[in-house]
Amino acid sequence: MSSFVDRVRVSIKAGDGGGGAVSFHREKFVSAGGPDGGDGGKGGDVVFLADDNLSTLVDFRYKRIYEAPSGENGSKSNRTGRSAKDLVIHVPRGTVVKDYETGGVIADISSSEPVAVAKGGRGGFGNARYASATRQAPRFAKVGQTGEKYDVTLELKLIADVGLIGFPNVGKSTLLSAVSRARPKIADYHFTTLTPMLGVVSVGEGSSFVLADIPGLVEGASKGLGLGHDFLRHVDRCRMLIHVVDISGVEGRDPKDDFLLINEELKSFNEVLSARPMLVAGNKADIASKETEEEFRQFVEDMGYSYYSVSAAAKNGVEGLMAAAFTMLLKLPPVVVYTPDYVKPIPRAAGGFSIEKVDDGFIVDAPWLERILQTTDVNDYESLLYFQRTVTDSGIAAKLEELGALPSDTVYIGEYQFDYIE
């Protein structure tokens, strides 16, 4: 089994912000000693970073959950909690991060810049922030915000200038090894290559491009047959293609049929991809009949493609083919970078809630409100006023009234229960 993995699902969770502190220092003539609770620290982000030492997502098969640390809580003497460090996840260059549910692109990890995909929560304010002339001893603080959480799909799309496409065993791997330092395993049987390979082709001092050997396609690949979509996606970024066709006839195949079938698979998979500039390489020309080659040359040239006769094993004609590819690349736009199109939903922590009517009252489901309750002194009048104002501003109170809540009803919020008051 190949260890190459190019698509995985993982869960990422940024750190929560630290909670603000409720604290009082001792000072003469200051009510309750004076509030000095510090703010909480920020939670860590989940950051993705391209790593050129990685070529597969195989490590993510064994670890599927990634969580950044949370910020520290504030403390007395107005000390702010320490912000948490970011969690940096290394992925191969060219990895696209997508939302698992919608498929929307969140980030394309193609540059060397780190990308924060999930943002850590902001720290909550300490009670010192709520002191005023009329509220000299606030006994409440604010909880930190919840860090963003996503289920994402990591999808590796190789970054290459030129992609080698064609049926299995036509000589793509041999061609790659002939023009670069890449050393794919090569043997005389189908599906020798189970892993896309990259090689750097030098075409003169200071001039080079990246060539990718895309594992052999078969008829029906666009519908998932053979290696199917597993490797068709790696052609997505290629600026141009070199279609390698075995013209020797040693396997009893018709090169014209092969050429048309592969082009049809590309079109079925992605019409934009099939329209990419393409050169045609007639491989194994040293053992092909002149009549067969000339017939195939005329066939592809009549379709508007440039034809090159090569023998990858003998390295005949390969320099001219690579030079032609480089010349074409100079006129083409850069490698495709996917633009993020994912729209983040409004997090429940920002005020979302649901209310369920039960026999003796109503159950309010609002995790963010439960966190506020944890730092609220329910025995303190000012703290309860702050909590009541939060319930009103969030729309919960209006919703309870709309649902017909009566003074005899009980309102359940987490582990707490309150009598409803109009």
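The values are calculated or read from the model by the stated rules, or taken from the named source; none is laboratory data. In this text the structure is predicted, and so the values were computed from the model without any measurement. Ideal geometry is used to build each Cβ from the backbone, glycine not excepted, and the neighbour counts take in all protein chains shown.
For the range 313-336, enumerate the residues that are closer than 16 Å to His243 by Cβ and either among the aromatic types (Phe, Trp, Tyr) or in a loop (DSSP other than H, G, I, E, B) (or both).
Gly317
Out of (1) of a type in the set (Phe, Trp, Tyr); (2) closer than 17 Å to Gly126 by Cα; (3) at pLDDT 85 or above, the odd one out for Phe362 is which?
With (1) of a type in the set (Phe, Trp, Tyr); (2) closer than 17 Å to Gly126 by Cα; (3) at pLDDT 85 or above applied to Phe362, the lone miss is (2).
Return yes when Phe259 is within 23 Å of Asp52 (Cα to Cα), surrounded by 17 or more Cβ atoms within 10 Å (Cβ to Cβ), at pLDDT 85 or above and of a type in the set (Phe, Trp, Tyr) and no when it is not.
Taking the combined requirement at face value, the residue does not satisfy it.
Taking the range 84-118 only, how many residues are in contact with a Pro (Cβ under 7 Å, 6 or more places away or on another chain) and either touching a residue at least 60 places away in the same chain (Cβ under 8 Å) or closer than 17 Å to Asp341 by Cα (or both)?
Total meeting the criteria: 4.
Sort through Ser75, Ser23 and tell me the only one that's hydroxyl-bearing (Ser, Thr, Tyr) and either in contact (Cβ under 8 Å) with a residue 60 or more places away in the chain or in contact with a helix residue (DSSP H, G or I) (Cβ under 9 Å, 6 or more places away or on another chain) (or both).
Ser23
Could you tell me whether any residue of the range 273-282 is over 15 Å from Gly163 (Cβ atoms), modelled with pLDDT of 95 or more and of a type outside the set (Ser, Thr, Tyr)?
yes
Given the structure, is Gly144 at positive phi and at pLDDT 85 or above?
no
Among the numbered criteria (1) assigned to a loop (DSSP other than H, G, I, E, B); (2) at pLDDT 95 or above; (3) surrounded by fewer than 24 Cβ atoms within 10 Å (Cβ to Cβ), which one does Lys42 miss?
Tallying (1) assigned to a loop (DSSP other than H, G, I, E, B); (2) at pLDDT 95 or above; (3) surrounded by fewer than 24 Cβ atoms within 10 Å (Cβ to Cβ), Lys42 fails exactly one: (3).
State yes or no: is Glu301 modelled with pLDDT under 95 and either among the basic types (Lys, Arg) or not in a strand (DSSP E or B) (or both)? Show your work before the answer.
Working: modelled with pLDDT under 95: no; either among the basic types (Lys, Arg) or not in a strand (DSSP E or B) (or both): yes.
The answer is no for Glu301.
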